[in-house]
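J.: One structure, as structure tokens, below. Some questions next.
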Amino acid sequence: MAILDAAFISDFAQVKADDGGYSPIPAGEYVFQLTGAELKQTKDGSGQYIKGEFTVIAPSYQGRKVFQNFNIYNRNSEAERIGRSQLKALAIAVGLDTLRDTDELIGRTVAARVSIEKDKSGRYDDQNRLSKYKPAEAAAAPAASPMSAPMPADGGSFAAAFGGAPAQASGFAFK
């Protein structure tokens, strides 16, 4: 037995109990590291899927996990086609031409769009879903903004920006 001190007991009284829920991360684009990939049987035993574990590494929510299943064998041919197509997009984004072993995915980084799938039955919590896989480097490169573009040689006149000739000096000046 261990008797806990008064400071702990006082602080513990203010702690909110964990409700066991795991709220999804907000929708958006994130960079992930694949930290798990496991071949599993479908509930009815008639098919197989790869359960992917993706850990957020940027730009926020680092360390949070998102799970995505990829049907590779399914009695529903459309579910199988979609699952294989999504898995192929993931493989290409992480630099794999083909996939021979699920371990080839582990440790790779990828950018993906996160959405939130609402549970219509009310039995489950809302869940994150991944799509639009692309190489992680593509997400990390900042987009060029007008403020970062080099200044044109003529000083950036309106006419030059829209393909016109530079205006001639009229002798009129703002003061």
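J.: For region 73-83, check the following and say yes or no: at least one residue is part of a strand (DSSP E or B) and modelled with pLDDT of 95 or more.
T.: Within region 73-83, the first condition is being part of a strand (DSSP E or B), and the residues that meet it are 73.
Restricting the remaining residues to those that are modelled with pLDDT of 95 or more gives 73.
Yes, the conditions are met somewhere in region 73-83.
J.: Quick one: what pairs do we get from region 133-146, first residue modelled with pLDDT under 75, second not polar (S, T, N, Q), C-beta under 7 Å, 6+ apart or different chains?
T.: If the second residue must be not polar (S, T, N, Q), the pairs left are Ala139/Glu29; Ala139/Val31; Ala139/Ala111; Ala140/Val31.
J.: Restricting to region 26-61, give me the number of residues that are out of contact with any helix residue (DSSP H, G or I) (no Cβ under 6 Å at 6 or more places or on another chain), closer than 18 Å to Glu137 by Cα and hydrophobic (A, V, I, L, M, F, W, C).
T.: Residues in region 26-61 being out of contact with any helix residue (DSSP H, G or I) (no Cβ under 6 Å at 6 or more places or on another chain), closer than 18 Å to Glu137 by Cα and hydrophobic (A, V, I, L, M, F, W, C): 6 in total.
J.: Something else: Just name the residue that is farthest from the chain's Cα centre (by Cα) out of those in region 44-74 that are over 19 Å from Gln86 (Cα atoms) and of a type in the set (D, E, K, R).
T.: Asp44
J.: Among the residues of region 96-104, is any touching a Leu at 6+ places or on another chain (Cβ under 8 Å) and either assigned to a loop (DSSP other than H, G, I, E, B) or at pLDDT below 50 (or both)? Explain how you work it out, then say what you get.
T.: Pass one, region 96-104, residues touching a Leu at 6+ places or on another chain (Cβ under 8 Å): 96, 99, 102, 104.
Then drop every residue that is not either assigned to a loop (DSSP other than H, G, I, E, B) or at pLDDT below 50 (or both), which leaves 96, 99.
Within region 96-104 (the criterion being touching a Leu at 6+ places or on another chain (Cβ under 8 Å) and either assigned to a loop (DSSP other than H, G, I, E, B) or at pLDDT below 50 (or both)), the answer is yes, since at least one residue qualifies.
J.: Run Gly63 past the list (1) at negative phi; (2) without any contact (Cβ under 8 Å) to a residue 24 or more places away in the chain and report the number of the one that doesn't hold.
T.: Status for Gly63: all satisfied but (1).
J.: So, in region 89-103, exactly how many residues are free of Cβ contacts under 8 Å to residues at least 24 places away in the same chain and either among the acidic types (Asp, Glu) or surrounded by fewer than 16 Cβ atoms within 10 Å (Cβ to Cβ) (or both)?
T.: So in region 89-103, the residues free of Cβ contacts under 8 Å to residues at least 24 places away in the same chain come out as 91, 96-101.
Add one more test, that the residue is either among the acidic types (Asp, Glu) or surrounded by fewer than 16 Cβ atoms within 10 Å (Cβ to Cβ) (or both), and what stays is 96-98, 100-101.
The total comes to 5.
J.: On the given criteria, is Ser23 within 18 Å of Ala138 (Cα to Cα), at pLDDT below 95 and not in a strand (DSSP E or B)? Before the answer, list the steps.
T.: On the way: within 18 Å of Ala138 (Cα to Cα): no; at pLDDT below 95: yes; not in a strand (DSSP E or B): yes.
No: the conditions fail for Ser23.
The values are calculated or read from the model by the stated rules, or taken from the named source; none is laboratory data. Predicted model, so just to flag it, every value in this text is computed and none were measured. FYI the Cβ positions are ideal-geometry reconstructions off the backbone, even for glycines, and counts take in every protein chain you see.
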